[in-house]
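Peer 1: Got a structure here, written out as structure tokens. Questions coming.
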2 protein chains.
Amino acid sequence: MMNDTVIAQLKDIVGEANVLTDKADLVTYSYDATADLPSRMPDVIVLPATTAEVRHIVLIAKKNKLAVYPRGAGTNLSGGTIPLQRGIVLSFQRMDRILEVDPENLTATVQAGVVIQALNDAVAPYGLMYPPDPGTVTTATMGGSVAECAGGLRGLKYGVTKHYVLGMEVVLASGEVFRFGGKTVKNVTAYDFASLFVGSEGTLGIITQITVKLVPPPQYRKAMLATFQRLEDAGNTVTGIIKAHIIPATLEIMDRVTIQTVENYAKVGLPTDAEALLLIEVDGGSQDLVDAEAEAVLKVIVEHGGKVRLAQSEVERDRIWTARRAALPALAQVSPTTILEDATVPRNRIADMLVAVQDIARRYRLRIGTFGHAGDGNLHPTILTDVRNAEEMERVHRAVDEIFATALRLGGTLSGEHGIGLAKMKYLGDELNGSGLNLMRCLKDALDPDSILNPAKMVPLKRSL
Amino acid sequence: MMNDTVIAQLKDIVGEANVLTDKADLVTYSYDATADLPSRMPDVIVLPATTAEVRHIVLIAKKNKLAVYPRGAGTNLSGGTIPLQRGIVLSFQRMDRILEVDPENLTATVQAGVVIQALNDAVAPYGLMYPPDPGTVTTATMGGSVAECAGGLRGLKYGVTKHYVLGMEVVLASGEVFRFGGKTVKNVTAYDFASLFVGSEGTLGIITQITVKLVPPPQYRKAMLATFQRLEDAGNTVTGIIKAHIIPATLEIMDRVTIQTVENYAKVGLPTDAEALLLIEVDGGSQDLVDAEAEAVLKVIVEHGGKVRLAQSEVERDRIWTARRAALPALAQVSPTTILEDATVPRNRIADMLVAVQDIARRYRLRIGTFGHAGDGNLHPTILTDVRNAEEMERVHRAVDEIFATALRLGGTLSGEHGIGLAKMKYLGDELNGSGLNLMRCLKDALDPDSILNPAKMVPLKRSL
């Protein structure tokens with residue numbers, strides 16, 4: 001438990017108004033967007049405005065052996081921001097300045113609390129974009145999305161967060177401020193610190209500033225919607241498109257449960273009798289190229305028995321992506337608890353994974369809607385349930401175990417984009433072997449010897465070897 | 001010094017024929033492609049054929065506290081493979097199998113000793129390519145290029161080695177074999193191990209297998225050669241092209257010294273009265289797009305006072321790239337010693353850097369030819385000298401110091417693609433601060449506590465804080 005002296009010191013650093021200890025606040029910061037995980041109240045929430053303030057807070061935490069949980073918008077889906085061992089929640093909501101847009105070097109530098117969409121709004125006048133676009137792009141912060149290596153709908157062609165981070169400022173567990181990388185697009189001067197901190201879920205250092213690469217957005221694009229009567233055909237179409245060497249900007253899937261739920265929720269005219277939909281967008285720098293790619297995609301769809309509708313206008317295009325973006329909110333309102341998973345397989349195993357998830361749903365008598373970034377092999381099986389139903393939750397847990405065992409058996413991974421956090425700790429050893437778990441622990445111990453940074457997340461607390 | 005028991009144990013593992021201790025062999029492996037560095041004879045060269053053999057060799061090294069130097073083709077340019085503390089050179093020349101090409105997932109898995117060009121030859125029949133293309137693409141191995149995070153001529157549009165590594169098998173300093181990642185294009189299950197080992201220069205683990213992403217090669221391309229009477233105009237043209245949001249596949253520069261030397265060597269018809277050349281190739285999936293990009297590039301060139309010649313045939317295109325690839329060999333034959341540097345700056349500082357290098361050459365009365373990947377801000381100032389001339393070498397060392405100080409002052413980095421190795425250790429602290437040096441040491445200690453893996457490279461031997 002935190003003593004009054006520490007609270008007073010924190011108030012000295014950030015001002016009284018930026019230290020929250022009211023119960024209502026503590027409850028608000030006791031959970032994140034992940035379902036079916038324990039919530040825990042922190043001792044205090046602190047809202048720094050500068051890197052220097054973050055540094056002072058970390059020094060206090062270090063001295064008093066208090067846990068520190070860096071937190072953006074709390075949208076993450078693996079329990080990564082839950083203050084499991086009480087301590088200090090470090091909210092970045094006040095560190096929301098875009099420090100620079102550099103149109104000559106195609107870079108931007110931001111504070112960690114900048115919302116992703118705000119960055120995109122700031123760079124749009126220069127004819128640039130920051131491609132990573134998780135579903136929460138309008139609320140999630142840059143710091144949080146970098147810490148989780150967020151993916152999104154554009155990942156297939158444009159890559160994920162780690163492909164865009166050039167440099168960073170990090171406050172280390174020692175309280176040291178470490179800046180590395182910068183505006184150079186190539187840099188091999190040290191170990192790849194940028195990649196080490198991207199996706200480290202706040203366990204190795206606290207990200208305070210980020211320099212990212214920007215790109216010009218594509219000039220032309222074409223969206224389409226393909227309908228399938230068999231799940232396997234949709235999966236095999238994905239493999240067929242990749243095998244034909246077409247890399248669409250976006251290649252998303254929705255199964256029947258998702259289609260029906262979305263249509264019921266958003267009334268966008270989806271074919272509710274279909275077994276699966278693929279939502280596809282090709283883009284590029286010339287109309288010819290985009291037309292040719294669309295044509296080639298269309299051919300693969302038809303070969304696999306799909307029916308396709310090309311968006312004839314921007315309005316129709318928007319409707320397709322509104323439908324896709326509605327998938328999670330639509331599913332989430334069907335039942336009290338929405339358990340969103342993030343199983344990823346090699347792209348040619350998509351069909352196998354989809355069929356396996358359907359079979360798991362049947363055997364455990366569960367409602368599972370699957371949607372996701374099919375082109376990346378990244379599926380989000382979403383279980384509609386109610387945490388208050390203990391008997392059903394037991395079946396849910398067994399189904400989830402099977403989903404991840406299946407993904408790994410197919411050569412996949414536990415997480416394509418949501419991270420390990422708290423939610424997937426129990427499976428970690430199934431993907432990494434003993435050496436891998438040991439290496440995680442070694443890195444954590446080396447960078448955070450007192451384990452004050454987001455403890456008990458991502459890295460098992462004790463050595464496994 | 002190594003005792004006979006160890007030699008006998010090594011022969012038991014890999015067979016007598018694959019353990020080399022003759023003086024001629026020891027001398028052969030005592031240096032790499034880097035000039036002006038001490039050569040050191042190892043105790044023994046061992047040529048394993050399997051990961052299991054690598055593992056056994058590491059266990060012997062660990063037990064006897066012997067240094068181990070993983071070595072591909074020895075083409076690296078920062079002294080990374082010099083056996084500085086004697087011990088075992090681990091040559092990967094027998095581990096040269098392409099284990100799998102997977103055209104459905106666009107991946108390939110290779111042993112570390114596979115030559116980059118051999119991989120490209122193997123995937124070409126599938127209509128695929130592995131984009132990273134260092135100058136030594138026909139001799140360098142995949143293991144070495146991954147350990148160095150090699151760049152190359154295609155880096156601007158297609159990225160460098162780290163953008164293509166999906167998974168790896170690594171023998172750790174403990175002798176454990178650790179496999180991670182695989183064929184999934186997205187994976188956030190652990191810390192980003194792939195990025196940690198890419199560019200770690202053999203200091204954190206020994207890379208034995210690598211799974212890489214492949215891409216379809218562009219269908220259309222157009223090469224051009226732009227001539228400038230002022231170095232600054234060439235530099236500003238680079239900035240202008242990037243600022244116009246055109247990302248050519250290749251955007252290379254040559255200064256006057258390089259032009260004259262290359263022309264003298266290769267007789268390809270370069271304009272020897274020019275102050276600088278830009279060699280540019282745009283590519284893409286449609287002729288229209290490529291034409292439009294070429295047109296836009298041309299406009300920027302002309303705006304900056306350049307004259308441009310478009311390659312009218314494949315022969316002419318080949319001549320442009322032959323000229324560029326001849327830069328290093330041409331410069332290297334002019335003088336006994338060729339010191340190739342690798343200073344990288346933000347792209348809008350290219351002109352400043354070029355002018356600064358010219359000024360340094362003048363002040364230190366040295367012959368410096370500069371060429372490199374201008375589009376990446378990655379320049380290779382190349383000093384033509386003779387290590388036997390002590391007075392001149394003194395000036396060379398001071399000039400090199402200034403070159404790197406200038407790159408850092410302009411917001412750049414010590415190395416875009418050649419690594420730190422031995423050659424740039426003395427500048428490391430100038431780019432990283434104390435926290436950075438400390439972090440390098442922490443990571444090294446965590447993964448290689450006895451410091452047997454390529455010791456005294458990349459990471460300072462003692463803690464700096």
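Peer 1: Sort A:330-336, B:202-208, B:453-459 for me by packing, meaning the mean count of neighbouring Cβ atoms within 10 Å per residue, highest on top.
Peer 2: B:202-208, B:453-459, A:330-336
Peer 1: Counting heavy atoms of the protein chains only and a 1.4 Å probe, report the per residue accessible area for region B:98-213 as a whole number of Å².
Peer 2: The answer is 23 Å² per residue.
Peer 1: I want to make sure I understand the PRE zone here: with the label point 7 angstrom from the Cα of A:LEU461 toward its beta carbon, which residues in region A:1-44 have backbone N atoms less than 15 Å away?
Peer 2: Answer for region A:1-44: A:1, A:38, A:40.
Peer 1: Would you jot down the residues in region B:196-218 that end up with at least 40 Å² less accessible area in the complete protein assembly than in the chain alone, with a 1.4 Å probe?
Peer 2: B:LEU196, B:PRO216
Peer 1: Can you give me the P(r) profile for chain B? Cα pairs, bins 20 angstrom wide beginning at 0, each as a whole percent.
Peer 2: Going out from 0 Å in 20 Å bins, chain B shows 24, 55, 20, 0 percent.
Peer 1: Given that compact globular proteins tend to follow 2.2 N^0.38 Å, what is the ratio of the alpha-carbon Rg of region A:330-465 to that value?
Peer 2: Working: Rg = 16.2 Å, N = 136, 2.2 N^0.38 = 14.2 Å.
For region A:330-465, the normalised Cα radius of gyration comes out at 1.14.
Peer 1: If I model the protein assembly as shown as equal point scatterers sitting on the Cα atoms and use the Debye formula, what is log10 I(q)/I(0) at q = 0.10 Å⁻¹?
Peer 2: Normalising to I(0) and taking log10 leaves -1.20.
Peer 1: Considering Cα pairs under 8 angstrom that are at least six residues apart, work out the relative contact order of region A:220-409 and quote it in whole percent.
Peer 2: Working: 362 pairs, mean separation 54.7, N = 190.
In percent, rounded to a whole number, it is 29.
Peer 1: Based on C-alpha coordinates, I'd like the Rg and Dmax of region A:191-236, in Å.
Peer 2: 19.8, 49
Peer 1: A follow-up question, please. If I take every Cα pair under 8 Å that is 6 or more residues apart in region B:286-394, average their sequence separation and divide by the length, what percent do I get for the relative contact order?
Peer 2: After rounding, I find 25 percent.
Peer 1: Alpha carbons only, please: Rg and Dmax for region B:128-189, in angstrom.
Peer 2: 13.2, 39
Peer 1: Let me ask something else. Against the longest principal axis of chain A, how steep is helix A:4-14, in degrees 0 to 90 to the nearest 10, with axes from Cα atoms?
Peer 2: Rounded to the nearest ten degrees, it is 70.
Peer 1: Between B:LEU379, B:GLY416, B:ALA311, whose Cα lies farthest towards the positive end of the dipole of region B:300-447 when Lys and Arg beta carbons carry +1 and Asp and Glu beta carbons carry -1, centred on the Cα centre?
Peer 2: B:ALA311
Peer 1: How far apart, in nm, are two points set 7 Å out from the Cα along the Cα-to-Cβ line at A:LYS23 and at A:LYS65?
Peer 2: Here the answer is 3.0 nm between the modelled labels.
Peer 1: What is the mean number of Cβ atoms from other protein chains located within 10 Å of the Cβ atom of each residue in peptide B:405-414, rounded to a whole number?
Peer 2: Numbers: counts 0, 0, 1, 2, 0, 2, 5, 6, 11, 4.
Taking all residues of B:405-414 together, the mean is 3.
Peer 1: Cα axis of helix A:51-64 to longest principal axis of chain A: angle in degrees, 0 to 90, nearest 10?
Peer 2: Tilt relative to chain A: about 70 degrees.
Peer 1: Follow-up question, since we're still on this one. Binning at 10 angstrom from zero up to the longest distance, how are the C-alpha pair distances of region B:182-316 distributed in percent?
Peer 2: 11, 31, 22, 22, 14, 1
Peer 1: To the nearest 100 Å², how much accessible surface do chains A and B hide from each other in total, with a 1.4 Å probe?
Peer 2: Values: alone 19450 and 19470 Å², together 32430 Å².
Summing both sides, the interface buries roughly 6500 Å².
Peer 1: Separate question: When N is the residue count of region A:263-304, what does its C-alpha Rg come to as a fraction of 2.2 N^0.38 Å? Intermediate results must be reported in sequence, preceding the final value.
Peer 2: Values: Rg = 13.7 Å, N = 42, 2.2 N^0.38 = 9.1 Å.
Working it through for region A:263-304, the quotient is 1.51.
Peer 1: Sorting check: for B:315-323, A:308-316, A:282-290, which peptide has the highest mean count of neighbouring beta carbons within 10 Å, and how do the rest follow?
Peer 2: Output ranking for B:315-323, A:308-316, A:282-290: A:282-290, B:315-323, A:308-316.
Peer 1: Tell me the label-point distance for the pair A:GLN93, A:GLU314, using the 7 Å Cα-to-Cβ offset, in nm and rounded to one decimal.
Peer 2: According to this spin-label approximation, the distance is 3.4 nm.
Peer 1: Over chain B, what relative contact order in percent results from Cα pairs under 8 Å that are six or more residues apart? Numbers along the way, then the final one.
Peer 2: Working: 1030 pairs, mean separation 72.2, N = 465.
Relative contact order for chain B comes out at 16 percent.
Peer 1: So what is the orientation-averaged projected area of region A:35-156, using the convex hull of its C-alpha atoms, in nm²?
Peer 2: Values: hull surface 34.3 nm².
Averaged projected area of region A:35-156's Cα convex hull equals 8.6 nm².
Peer 1: Now for a separate question. At a Förster distance of 60 Å, what's the computed FRET efficiency of B:ASN3 paired with B:GLU303, Cβ-Cβ distance as r, to 0.05? Walk me through the numbers before you get to the answer.
Peer 2: On the way: r = 69 Å, r/R0 = 1.15.
For R0 = 60 Å, the calculated efficiency reads 0.30.
Peer 1: Under the definition of partner shielding as Cβ atoms of other protein chains within 10 Å of a residue Cβ, what is the mean value for peptide A:281-287? Don't skip to the answer; put the middle values down first.
Peer 2: Numbers: counts 0, 0, 0, 4, 11, 10, 3.
Mean shielding by partner chains, rounded to a whole number: 4.
Peer 1: Quick one: Karplus J couplings for region A:356-366, per residue in order, coefficients 6.51, -1.76, 1.60, θ = phi - 60°, nearest Hz, x for Gly and Pro?
Peer 2: 4, 5, 4, 5, 4, 4, 5, 5, 9, 6, 10
Peer 1: Another question, then. Return, for the Cα atoms of region A:257-392, the radius of gyration and Dmax in Å, separated by a comma.
Peer 2: 16.4, 56
Peer 1: Same structure again: Counting only protein heavy atoms, what percent of the accessible surface of region A:220-409 is carbon or sulfur at a 1.4 Å probe? Before the final figure, lay out the partial values.
Peer 2: Details: 3460 of 7220 Å².
Accessible surface attributable to carbon and sulfur in region A:220-409 totals 48 percent.
Peer 1: Please calculate how many Å² of accessible area region B:239-304 carries per residue, with a 1.4 Å probe and no DNA, RNA or ligand atoms counted. Don't skip to the answer; put the middle values down first.
Peer 2: Values: 2260 Å² over 66 residues.
Here the per-residue accessible area is 34 Å².
Peer 1: Now, a different point. Stokes-Einstein at 25 °C, 0.890 mPa s, Kirkwood radius from Cα pairs: D for region B:226-297 in µm² s⁻¹? Don't jump to the answer; show the numbers that get you there.
Peer 2: Values: Rh = 13.1 Å.
D = 188 µm²/s.
Peer 1: How much of the accessible area of region A:24-172, probe 1.4 Å, is carbon plus sulfur, in whole percent?
Peer 2: On the way: 2480 of 4720 Å².
Its accessible area is 52 percent carbon and sulfur atoms.
Peer 1: Eigenvalues of the Cα gyration tensor times 5, then square-rooted: what semi-axes does that give for region B:98-213, in whole angstrom, largest first? Before the final figure, lay out each step's value.
Peer 2: Values: eigenvalues 86, 50, 37 Å².
The answer is 21, 16, 14 Å, longest axis first.
Peer 1: Under unit Cβ charges (Lys, Arg +1; Asp, Glu -1), what dipole magnitude, rounded to 20 debye, does chain A have relative to its Cα centre?
Peer 2: On the way: 48 positive and 54 negative charges, 142 e Å.
With only Lys, Arg, Asp and Glu charged at Cβ, the dipole is about 680 debye.
Peer 1: Each label point is 7 Å from the Cα along the Cα-to-Cβ direction; what then is the distance between the points at B:ASP273 and A:ASP291, in nm?
Peer 2: 4.7
Peer 1: How far is helix B:231-243 tilted, in degrees, relative to the longest principal axis of the Cα atoms in chain B, given as a value from 0 to 90 rounded to the nearest 10?
Peer 2: 80
Peer 1: Report the extension gain between B:LYS426 and B:THR139 in nm, rounded to one decimal, defined as 0.36 nm multiplied by the number of residues separating them, less their alpha carbon distance. Kindly include the intermediate steps, with their values, before the conclusion.
Peer 2: Working: separation 287, 0.36 × 287 = 103.32 nm, distance 2.91 nm.
Full-extension gain reported as 100.4 nm.
Peer 1: Between region B:354-415 and region B:1-66, what's the alpha-carbon centroid distance in Å?
Peer 2: 35
Peer 1: To continue, here is another question. For peptide A:99-110, what's the mean number of Cβ atoms from other chains within 10 Å of each residue's Cβ?
Peer 2: 3
Peer 1: Once region A:4-91 is represented by equal point scatterers at the alpha-carbon sites, with solvent omitted, what log10 I(q)/I(0) does the Debye formula produce at q = 0.17, 0.19, 0.26 Å⁻¹?
Peer 2: The Cα Debye sum returns log10 ratios of -0.64, -0.80, -1.36.
Peer 1: Also: So for the protein assembly as shown, taking the charge dipole from beta-carbon charges (+1 Lys/Arg, -1 Asp/Glu), which of A:TYR164, B:ILE259, A:TYR126 sits furthest toward the positive end?
Peer 2: After comparing all options, I get A:TYR164.
Peer 1: In square angstrom, what is the accessible area per residue of region A:4-91 with a 1.4 angstrom probe? List each step's numbers first, then the result.
Peer 2: Working: 3620 Å² over 88 residues.
Here the residues of region A:4-91 average 41 Å² of exposed surface.
Peer 1: Roughly how big is region A:98-213's charge dipole about its Cα centre, with Cβ charges of +1 (Lys, Arg) and -1 (Asp, Glu), in debye to the nearest 20?
Peer 2: Values: 7 positive and 10 negative charges, 62 e Å.
Taking the Cα centre of region A:98-213 as origin, the dipole is about 300 debye.
Peer 1: In region A:4-91, if the dipole is taken from +1 on Lys/Arg beta carbons and -1 on Asp/Glu beta carbons about the Cα centre, which of A:ALA61, A:ASN18, A:TYR29 is farthest to the positive end?
Peer 2: Most positive-ward Cα: A:ALA61.
Peer 1: Which order do the peptides A:259-268, B:89-98 come out in when sorted by mean C-beta neighbours inside 10 angstrom, highest first? Could the numbers behind the result be given before it?
Peer 2: Values: A:259-268: 18.5, B:89-98: 20.8.
So the order, starting with the most tightly packed, is B:89-98, A:259-268.
The values are calculated or read from the model by the stated rules, or taken from the named source; none is laboratory data. In this text the structure is predicted, and so the values were computed from the model without any measurement. Every residue, glycine among them, receives a Cβ derived from its backbone with ideal geometry; neighbour counts consider all protein chains shown. SASA here: full protein model, heavy atoms, side chains in, ligands and nucleic acids out. Shrake-Rupley method; radii C 1.70, N 1.55, O 1.52, S 1.80 Å.
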